[in-house]
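Let me begin by presenting the structure, written as structure tokens, before commenting on it.
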Amino acid sequence: MSKAFHGRFFEDFTLGELIRHATPRTISYGDAAIYTALYGSRFVINQSEEFARSVGFPRAPVDDLLVFHMIFGKTVADISLNAIANLGYAECRFQRPVYVGDTILAESEVIGLKENSGGESGIVYVRSTGFNQRDEVIVEFVRWVMVRKGGHKPSAGAPGVPALLGQVEPEALGGGCPRIDAKRWNFDLSGSSHRYSDYRVGEKIDHVDGVTVEEAEHMLAARLYHNTARVHFNAFEEQSGRFGRRIVYGGHVMSIARALSFNGFANGFQIAAINAGRHIAPLFAGGTVFAWSAVKDKAMLKDRDDVAALRIVTTATRDLPAEKFPSTPAGENGPGAILEMDYWVLIPI
Amino acid sequence: MSKAFHGRFFEDFTLGELIRHATPRTISYGDAAIYTALYGSRFVINQSEEFARSVGFPRAPVDDLLVFHMIFGKTVADISLNAIANLGYAECRFQRPVYVGDTILAESEVIGLKENSGGESGIVYVRSTGFNQRDEVIVEFVRWVMVRKGGHKPSAGAPGVPALLGQVEPEALGGGCPRIDAKRWNFDLSGSSHRYSDYRVGEKIDHVDGVTVEEAEHMLAARLYHNTARVHFNAFEEQSGRFGRRIVYGGHVMSIARALSFNGFANGFQIAAINAGRHIAPLFAGGTVFAWSAVKDKAMLKDRDDVAALRIVTTATRDLPAEKFPSTPAGENGPGAILEMDYWVLIPI
Amino acid sequence: MSKAFHGRFFEDFTLGELIRHATPRTISYGDAAIYTALYGSRFVINQSEEFARSVGFPRAPVDDLLVFHMIFGKTVADISLNAIANLGYAECRFQRPVYVGDTILAESEVIGLKENSGGESGIVYVRSTGFNQRDEVIVEFVRWVMVRKGGHKPSAGAPGVPALLGQVEPEALGGGCPRIDAKRWNFDLSGSSHRYSDYRVGEKIDHVDGVTVEEAEHMLAARLYHNTARVHFNAFEEQSGRFGRRIVYGGHVMSIARALSFNGFANGFQIAAINAGRHIAPLFAGGTVFAWSAVKDKAMLKDRDDVAALRIVTTATRDLPAEKFPSTPAGENGPGAILEMDYWVLIPI
């Protein structure tokens, strides 16, 4: 049997199976700095050790999406190397803060399998969990991907589609954020005076700026996350692929949109949960990403008077400024929406 | 009122106003490593903890221009988001060394305002100051930018143009450099045998090499510095902008020129002050930067026999090798000078 | 005499001469993170502090090729600035592990000189040695380069071609790896179940994936290594150069190939020696690198029952998938082999 791995096909997954993913990774200040260089994220809690300590964090936590991408990245080699499409995310909860020096690793449970009618592919649902070096859960999420069949054996076991929650309930939020001293939150330094009470449900915010993506950038990002999906790296083979070129890792768009959303949600310092994420259309290098958001809900957290949660739906677009809050999906080469992400952020009360 | 910020216009500035800028930033070894990867700077004092300690630094200091760019970057969102042009710098003094682990923040005082005759823009002069976590001044500088008027209200308050010094006086130099043991300076390891006494006023040096700039590089740099100026990032909107494409952050050129100047000034290990800086013409990705320098002055520092100062004027060019010391400004697409930077460097006696 | 250095020409080298190279460098977590972002290397021993400690390393060692490139980079300004071609490597031994925080420096001894018959160039052989801050040897290697003559003076001293070993003998391997507790090696986390006994001499492995290289990436890499060879950076002058464009640093290809080889040799966690390295054809940005390997030999190490050595010959190709194990050299613009690297890796028994 070949020692090189070509990835699992749909038939290689079994319902209930637990997969331990390779290459635990100690997160360093280097990773955090590269993340800043890639996205320019300015959320102060991740940028200043002094600020983080002043409000009660032991140290500056690592950006939540950097943690998410690193856990996601570890799952790629086992889950989605032969994926045709990343269909969605749900039930993502950030349960513990991660600090530089922590070592993270990932495992996934196969929680759903469904063959497609054409018989050439199927949908695989996994619940992936990230752990730190003390075996504490730091983040978990469900994702589902359409995976090619290999045709080398019959599909394994029983099919099943998991029942997924449409949102993470507010009572489940906040694990990623220790109790902070919100009175010491410096709104000059954080970049905005707006706190929980200043936002209203239904409010829409254009994040104004646009960022053009280069091939080198999204590849540096995906490699930093140990994401080995071929479509991001191999221009030679993608020439004859679906789009004729490399596709930007969808999580790269999530991080760009989150960084842009600083202009409007500067105090929404931590992502507590992702209720749903959908890559509506692909992004290619040369495209310019814009973003806008709507406040979908607001919620107090159980037993906490320091921070509360805003439920935000952020739409990222390609080559389309967002001042009119556009949501029409991007065409193959045309402008339009490429990502919709529904998530909870924590913000001082 | 919109929670997203579109930047200040000329009318939004008031003479004497003090602006505290957002997002303090703890500088890490990651930032320093990215800076090395971006410019290849080889000045030994920033590269080797052992060397720095051997001459009396407590640790390797962070490159002066990295500190400058980070302080500059913080000011952009408040000062120059609607700038038409960065006109110049003056009176920049590096007053204290910065080490990895320090947290830096910035504030700016509006020290000059002058409407342009056309009535559509004006010049804003600010004195920006960088502080460390002990509220000590690490660097300060004056810059002036041409800023669009918004047309939404009358210009605020009295105009005024500050009197600026043509140079930082030698007696004000050296705060960024602790007393060192120059006898322990290893000229093999530093890359050159040339010390203070080897340079003569009027001497010109071609720095030989040329470096082509890529879009991914200057955007990584600007994001690392939290510089959010749109012209660097948004190819979609710049298509219909002044130059039809993204413009490289002028500070990126300063850092390239400084790194190139290692070949000629390897022992000029620290920038003590910038007397004047002028971006003569823009740089675009694909352009190749060359540089040459003239020694404009030499000065002993007050009460110091370890290091002295060389006043250098470095000219950076675009697509024009510098062996003939060219200074004609680059045309829109043609070759020529793009930067002139007049600064003091410290060098062992 | 000019203070800017134009590099040594063939006549400037003397047999037996020892050259101390500039700019010692303290390796940081930032360097390690950038290396990961550049190549996506997943060898667990470099990625996880926890894993490294669990098997008996004091900490996670720095990737061997990062160390190699940094030592190599330091030699460029003195050895190969006027090189026409990098001809080969031999007798490279990694003798001590390097950890973040170590400061490394380099020196080279000229061990061979041979004028070419045309009289316009000659071959320079150097043995370069890397040291840490305790003056311990960390790596050494021989390389030979074809260097232009300057025509400014007669060639110095006697010629001589060193006798080089075709391979590093197994008894000389292992200095870079402390004794580990192989029983605690977690083959789930390392990414493969294959250990020493699973490989047989003659076995060939296609590493499957292909990676397209961008200009920004190879220049970031070369600058991180302080490699100042002009052909990598200066598109303006290379337009009229041999290939009409920038050439990717050959070591960049070595690191890409090594990272790809994880898919097949995930437990071959450390390079112990490089027997021979040959850049068969240049790589340019836009090219896609594939790789395959053959197991050439296997060897137990003296007095060690924890790890043993596989001798691997890895071939990297340009724009040519490797499932048929191709070895024909790439043409000027055509596909084919660009690198052949013959090396020993350590792997748990």
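The values are calculated or read from the model by the stated rules, or taken from the named source; none is laboratory data. Keep in mind that what you see is a predicted model, and the values were worked out from it rather than measured. Because the Cβ atoms are built from the backbone with ideal geometry, glycine has one as well, and the counts that use them run over all protein chains shown. Surface accessibility is based on the protein's heavy atoms, side chains included, excluding ligands, DNA and RNA. Shrake-Rupley method; radii C 1.70, N 1.55, O 1.52, S 1.80 Å.
Screening the stretch B:68-126 for residues that are modelled with pLDDT under 95 and within 30 Å of B:Gln47 (Cβ to Cβ) and picking the one that is farthest from the chain's Cα centre (by Cα) gives B:Asn86.
Annotation: C:Thr23 fulfils all but one of (1) at pLDDT 95 or above; (2) out of contact with any helix residue (DSSP H, G or I) (no Cβ under 7 Å at 6 or more places or on another chain); the unmet one is (2). Screening the stretch A:233-246 for residues that are surrounded by 20 or more Cβ atoms within 10 Å (Cβ to Cβ) and either at the interface with another protein chain (Cβ under 7 Å from one of its Cβ atoms) or in contact (Cβ under 8 Å) with a residue 12 or more places away in the chain (or both) and picking the one that is nearest to A:Leu283 (Cα to Cα) gives A:Arg246. In the stretch C:128-139, the qualifying residues are those that are within 18 Å of C:Ile19 (Cβ to Cβ) and surrounded by fewer than 19 Cβ atoms within 10 Å (Cβ to Cβ), and the one that is nearest to the chain's Cα centre (by Cα) is C:Val137. Restricting B:Tyr99, B:Tyr125 to those that are of a type outside the set (A, V, I, L, M) and within 14 Å of another protein chain (Cβ to nearest Cβ) reduces the list to B:Tyr99. Considering only residues that are small (Gly, Ala, Ser), away from chain A (no Cβ under 12 Å) and buried (at least 24 other Cβ atoms within 10 Å of the Cβ), which ones fall in the stretch B:202-222? Listed by number, the list holds a single entry, B:Gly210. Among the conditions (1) among the aliphatic types (A, V, I, L, M); (2) at pLDDT below 95; (3) over 30 Å from B:Phe269 (Cβ atoms), the only one that C:Ala4 does not satisfy is (3).
When each of B:Arg258, B:Arg230 is tested for being charged (D, E, K, R), touching a residue at least 24 places away in the same chain (Cβ under 8 Å) and more than 14 Å from chain A (Cβ to nearest Cβ), the lone residue that passes is B:Arg258. Per the conditions (1) open to solvent by 30 Å² or more (accessible area, probe 1.4 Å); (2) touching a helix residue (DSSP H, G or I) at 6+ places or on another chain (Cβ under 8 Å), the sole criterion not satisfied by B:Ala273 is (1). Considering (1) without any contact (Cβ under 8 Å) to a residue 40 or more places away in the chain; (2) farther than 30 Å from C:His207 by Cα; (3) crowded, with 23+ Cβ neighbours inside 10 Å, the lone condition that A:Trp292 does not fulfil carries the number (1).
Among the residues examined, A:Gly151 qualifies as open to solvent by 40 Å² or more (accessible area, probe 1.4 Å) and among the small types (Gly, Ala, Ser).
When the helices (runs of 4 or more DSSP H) confined to the stretch A:1-82 are screened for residues that are surrounded by fewer than 20 Cβ atoms within 10 Å (Cβ to Cβ) and either away from chain B (no Cβ under 14 Å) or out of contact with any Leu (no Cβ under 8 Å at 6 or more places or on another chain) (or both), those reaching at least 2 such residues are found at A:49-55. The residue that is nearest to C:Ala52 (Cα to Cα), counting only those in the stretch C:83-102 that are of a type in the set (D, E, K, R) and not in a strand (DSSP E or B), is C:Arg96. For the stretch B:271-308, a residue qualifies if it is of a type in the set (A, V, I, L, M, F, W, C) and within 14 Å of chain C (Cβ to nearest Cβ), and the qualifying residues are B:Leu283, B:Phe284, B:Ala285, B:Val289, B:Phe290, B:Ala291, B:Trp292, B:Ala294, B:Val295.
Restricting attention to the stretch B:289-315, the residues that are among the β-branched types (Val, Ile, Thr) and under 16 Å from B:Gly166 (Cβ atoms) total 2.
Residues are listed down the side, and each one gets a yes or a no for (1) part of a strand (DSSP E or B); (2) surrounded by fewer than 14 Cβ atoms within 10 Å (Cβ to Cβ); (3) hydrophobic (A, V, I, L, M, F, W, C):
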| residue | (1), (2), (3) |
| --- | --- |
| A:Glu109 | yes, no, no |
| A:Gly118 | no, yes, no |
| A:Val126 | yes, no, yes |
| A:Phe141 | yes, no, yes |
| A:Trp144 | yes, no, yes |
| A:Ala158 | no, yes, yes |
| A:Leu164 | no, no, yes |
| A:Ile180 | no, no, yes |
| A:Leu189 | no, no, yes |
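So in the stretch C:178-232, with the set limited to residues that are under 29 Å from A:Phe233 (Cα atoms) and among the basic types (Lys, Arg), which one is modelled with the lowest pLDDT? Only one residue fits best here, namely C:Arg230. Search the stretch A:144-163 for residues that are within 19 Å of A:Ala77 (Cα to Cα) and in contact (Cβ under 8 Å) with a residue 60 or more places away in the chain and pair each with any residue that is part of a loop (DSSP other than H, G, I, E, B) and among the charged types (D, E, K, R) when their beta-carbon atoms are under 6 Å apart and the residues are at least 6 apart or on different chains. Going by the 6 Å Cβ cut-off, the qualifying pairs are A:Lys149/A:Glu120.
Restricting attention to the stretch B:85-104 and to residues that are of a type in the set (A, V, I, L, M, F, W, C) and in contact with an Asp or Glu (Cβ under 9 Å, 6 or more places away or on another chain), the residue that is surrounded by the fewest Cβ atoms within 10 Å (Cβ to Cβ) turns out to be B:Val100.
Within the stretch A:280-310, the set of residues being among the small types (Gly, Ala, Ser) and either modelled with pLDDT under 95 or more than 30 Å from A:Gly175 (Cβ to Cβ) (or both) comprises A:Ala281, A:Ala285, A:Gly286, A:Gly287.
Taking the criterion of being surrounded by fewer than 24 Cβ atoms within 10 Å (Cβ to Cβ), at pLDDT 95 or above and either basic (Lys, Arg) or farther than 15 Å from B:Asp206 by Cβ (or both), the residues of the stretch B:311-338 that qualify are B:Arg311, B:Asp319, B:Lys324, B:Thr328, B:Pro329, B:Ala330, B:Pro335, B:Gly336.
Look at the stretch B:307-318: where a residue is within 14 Å of B:Ile349 (Cα to Cα) and a partner is modelled with pLDDT of 95 or more and among the acidic types (Asp, Glu), sitting 6+ places away or on another chain with Cβ atoms under 8 Å, you get B:Leu310/B:Asp297.
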